[in-house]
1. Restricted to region 141-175, and to residues that are in a strand (DSSP E or B) and modelled with pLDDT under 85, which residue is farthest from the chain's Cα centre (by Cα)?
2. Could you count how many residues in region 97-135 are crowded, with 19+ Cβ neighbours inside 10 Å, among the polar types (S, T, N, Q) and not in a loop (DSSP other than H, G, I, E, B)?
3. For the subset of region 57-85 comprising residues that are more than 24 Å from GLY32 (Cα to Cα) and small (Gly, Ala, Ser), which member is modelled with the lowest pLDDT?
4. Are any of the residues in region 278-289 touching a residue at least 24 places away in the same chain (Cβ under 8 Å), out of contact with any His (no Cβ under 8 Å at 6 or more places or on another chain) and not in a helix (DSSP H, G or I)?
5. Can you tell me which residues in region 242-269 are aliphatic (A, V, I, L, M), farther than 18 Å from SER172 by Cα and either surrounded by fewer than 15 Cβ atoms within 10 Å (Cβ to Cβ) or in contact with a Lys or Arg (Cβ under 7 Å, 6 or more places away or on another chain) (or both)?
6. For region 111-145, which residues satisfy the criterion of being among the hydrophobic types (A, V, I, L, M, F, W, C), over 20 Å from SER93 (Cα atoms) and touching a Leu at 6+ places or on another chain (Cβ under 6 Å)?
7. How about region 18-40: which of its residues are in contact with a helix residue (DSSP H, G or I) (Cβ under 7 Å, 6 or more places away or on another chain), in a loop (DSSP other than H, G, I, E, B) and crowded, with 20+ Cβ neighbours inside 10 Å?
8. Pairs, please: C-beta under 6 Å, at least 6 apart or cross-chain, first residue closer than 18 Å to THR123 by Cβ and in region 87-102, second among the basic types (Lys, Arg)?
Amino acid sequence: MTTANAWPAEAVAETGSALGAVMDQLGKVILGKDEQLRLCIACLLARGHLLIEDIPGVGKTTLAHALARTLGLSYQRIQFTSDLLPADIVGVSVYERESSEFRFHPGPVFSQLVLADEVNRATPKAQSALLEAMEENQVTADGRSYPLPNPFFVVATQNPTYQIGTFPLPESQLDRFLMRIELGYPDASVEKKLLTGRDRRDIVAELAPAIDTETLTAIQTKVPEVHASEALIQYLQQIVAFTRESAVFAAGLSPRAAIVLLRAAQAWALMAGHRGVVPEDVQAVAPAVIAHRLRPRDESAPQTPREIGEFVLAGVPIP
C-alpha cells in the first residue's frame, strides 16, 4: 500500500516522542493495560469521546484522573445517580438582584476533561444533557449558546447492564462515543504490584503534565492530515459495507461511523509512528469503534466487542 503525501519523518518522530512521554507516565499508574491506554489516547487525538464499560473497581476513574493530570487538563468528575438533573451537569441561570438579571453559572461540564462516572445510573433525561456538549462542543441555556473548552474530552464509565440500578444508553447516545473499551481484570503479576505497591490515588496526585495543552491541540489538528491511500479508503468502505450487508446485525455502520473509524485509524497510525495509515491501524481500533454501534440480531451472533471486531475483520480481505 502506498503512502504518497505521507508526513515528513521528522514530524512523525517529534510527535511520537511527545506521545511516548504521555504513555510512559500513564503506564506507571494503570499497570498492564497498554492497549487500552493507547486506544484512550487515540480517541482523544481524534477529538472523540470515550466510554469505558466494566465492573466497579478495575481502575476506570483512576484512568480518567491520571489522564487529566498527565495532559495538564482541567478536570471535573460528575457522579451520575438516579436523581441527577440536567442543570447539575450543564449549569443554571440564577437571578442576581444587584444587576436585576439572570446570570448563567456554568456546571461541571465546562472542563477540558469531564468524567461522567457511572453514566448509565442516571435517567435518560440527565444522560441527554451531555448530547449537545459531546456533539457540538457547546451548551445552550436560556436560548444562548456557551462554548466549551478546547480540548474537550468526555470519559464516561458505565456499569454492566445486568447490574442493579442501570438505565441502558440508547443507540443515539452510544453513537456519540467514538470508542467503547473494557479494562478487565489485571493478571496475577500486575495485581501483586497493586497489592504491595503504593495507593494509585497517591501516585496520581503526584503526577505532573507530560505534555502541554498547546502541543496536544496541535497534534489533534495533525490527525486528519495523516495520509490514507485510495486502497486504504476502499478497505475501510468494504468493512462498512460488510456490516450493512450481513444478516448478523440489525443495522450496519452509518457514514458517521465510517468517518470516525478513519479518524481513529489516523490517530493510531500517528501514535505508531507510521507516515500513513495501513490496514493494521484500522484493525487495531475497529473493535473499539464499531462494536457499540452494531446490534446483533440474536444470541447466536458475536456479542462481545472483541468477537464482533474479529467477525467483521475476518469477513473483509485486506487489499
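The values are calculated or read from the model by the stated rules, or taken from the named source; none is laboratory data. This one's a predicted model, so the numbers in the text were calculated from it and none came from an experiment. Using ideal geometry, Cβ is built from the backbone for each residue, glycine included, and neighbour counts are taken over all protein chains shown.
1. Quick first cut of region 141-175, residues in a strand (DSSP E or B) only: 141, 144-147, 153-158.
Retained after the next criterion (residues that are modelled with pLDDT under 85): 141, 144.
Values: ALA141: 26, ARG144: 28 Å.
Here the answer is ARG144.
2. Residues in region 97-135 being crowded, with 19+ Cβ neighbours inside 10 Å, among the polar types (S, T, N, Q) and not in a loop (DSSP other than H, G, I, E, B): 2 in total.
3. It comes out as SER82.
4. Checking region 278-289: at least one residue is touching a residue at least 24 places away in the same chain (Cβ under 8 Å), out of contact with any His (no Cβ under 8 Å at 6 or more places or on another chain) and not in a helix (DSSP H, G or I).
5. Across region 242-269, the qualifying residues are ALA247, VAL248.
6. First pass over region 111-145, keeping only residues among the hydrophobic types (A, V, I, L, M, F, W, C): 113-116, 119, 122, 126, 129-131, 133-134, 139, 141.
Subset that is over 20 Å from SER93 (Cα atoms): 113-116, 119, 122, 134.
If the condition is that a residue be among the hydrophobic types (A, V, I, L, M, F, W, C), over 20 Å from SER93 (Cα atoms) and touching a Leu at 6+ places or on another chain (Cβ under 6 Å), then LEU113, ALA122 are the ones that fit.
7. Matches in region 18-40: VAL29, ILE30.
8. Listed by first residue and then by second, the contacts come to nothing, as the list is empty.
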